[in-house]
Structures are given as structure tokens and as C-alpha cells.
């Protein structure tokens, strides 16, 4: 944890991605398993962590990995619509405070 200078007072810290840390509010976590197998150890681990999470943590498990197309930067030009699965993942990432890949 960083030490605050006396002139900073009690202002919330800025997180790396520019958002302001929210005290006394819930944290939205997007958990992403990198394995498509139904009972993968990665997925089981993320589900167990979600069950054990604090009530102030909203854990959402990403389930669209199998729908994502292979990476192709030609499909991601300015002004072009990304594939629907990519747009949905980007929306979930934007809404999350924390991304937890496993």
C-alpha cells in the first residue's frame, strides 16, 4: 500500500485503469476460465472462489469463451463492428472493476 502525503487527505486513490476506488461499495469481478472443458480445474477453482467471496464482491463468471473467434486484428479496424462475442466480452470487461483470469 502506498503511503499518502499529508496534503492528500482522504481522497480515494485512482486505480491503474483510471477509475476511482470506491470505498464501502461492492467490487465487480469478472472471472475468466481459460479452459473450455466442462469440469476443468480452472473453472472449478473460479467457482469455488466466487462462493467464498465477500458479500461486497459481485463475481461474474464469463461463459462465452467458446464463442470467441480466433484473434484476427483485421476484424478490429476503427469504425468496424467487432464480432458479437467480442463486443459482449468487451462490455463485460468495461463493467468490471477486476478481471481474474485463470
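Taking the stretch 36-79 as the region of interest, how many residues are surrounded by 14 or more Cβ atoms within 10 Å (Cβ to Cβ), part of a loop (DSSP other than H, G, I, E, B) and in contact (Cβ under 8 Å) with a residue 12 or more places away in the chain?
Count: 2.
Determine if the stretch 87-94 includes at least one residue that is surrounded by 10 or more Cβ atoms within 10 Å (Cβ to Cβ), within 17 Å of the chain's Cα centre (by Cα), touching a residue at least 40 places away in the same chain (Cβ under 8 Å) and under 11 Å from residue 29 (Cα atoms).
The answer is yes, given that some residue of the stretch 87-94 is surrounded by 10 or more Cβ atoms within 10 Å (Cβ to Cβ), within 17 Å of the chain's Cα centre (by Cα), touching a residue at least 40 places away in the same chain (Cβ under 8 Å) and under 11 Å from residue 29 (Cα atoms).
Would it be correct to say that residue 101 is surrounded by fewer than 13 Cβ atoms within 10 Å (Cβ to Cβ), at pLDDT 90 or above and in contact with a strand residue (DSSP E or B) (Cβ under 6 Å, 6 or more places away or on another chain)?
When the stated conditions are applied, residue 101 passes them.
Looking for something out of contact with any helix residue (DSSP H, G or I) (no Cβ under 7 Å at 6 or more places or on another chain), modelled with pLDDT of 90 or more and exposed (fewer than 14 other Cβ atoms within 10 Å of the Cβ) - is there at least one such residue anywhere in the stretch 12-34?
no
Rundown of residues vs (1) within 20 Å of residue 33 (Cβ to Cβ); (2) out of contact with any helix residue (DSSP H, G or I) (no Cβ under 6 Å at 6 or more places or on another chain); (3) modelled with pLDDT of 95 or more, yes/no style:
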position	(1), (2), (3)
51	yes, yes, no
57	yes, yes, no
75	no, yes, no
84	no, yes, no
89	yes, yes, yes
93	yes, yes, yes
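Report yes if residue 56 is under 30 Å from residue 25 (Cα atoms) and out of contact with any strand residue (DSSP E or B) (no Cβ under 8 Å at 6 or more places or on another chain), otherwise no.
It is false that residue 56 is under 30 Å from residue 25 (Cα atoms) and out of contact with any strand residue (DSSP E or B) (no Cβ under 8 Å at 6 or more places or on another chain).
The values are calculated or read from the model by the stated rules, or taken from the named source; none is laboratory data. Computed from a prediction, not measured in an experiment: that's the story for all the values here. Glycine gets a Cβ as well: all are built from the backbone with ideal geometry, and neighbour counts include every protein chain shown.
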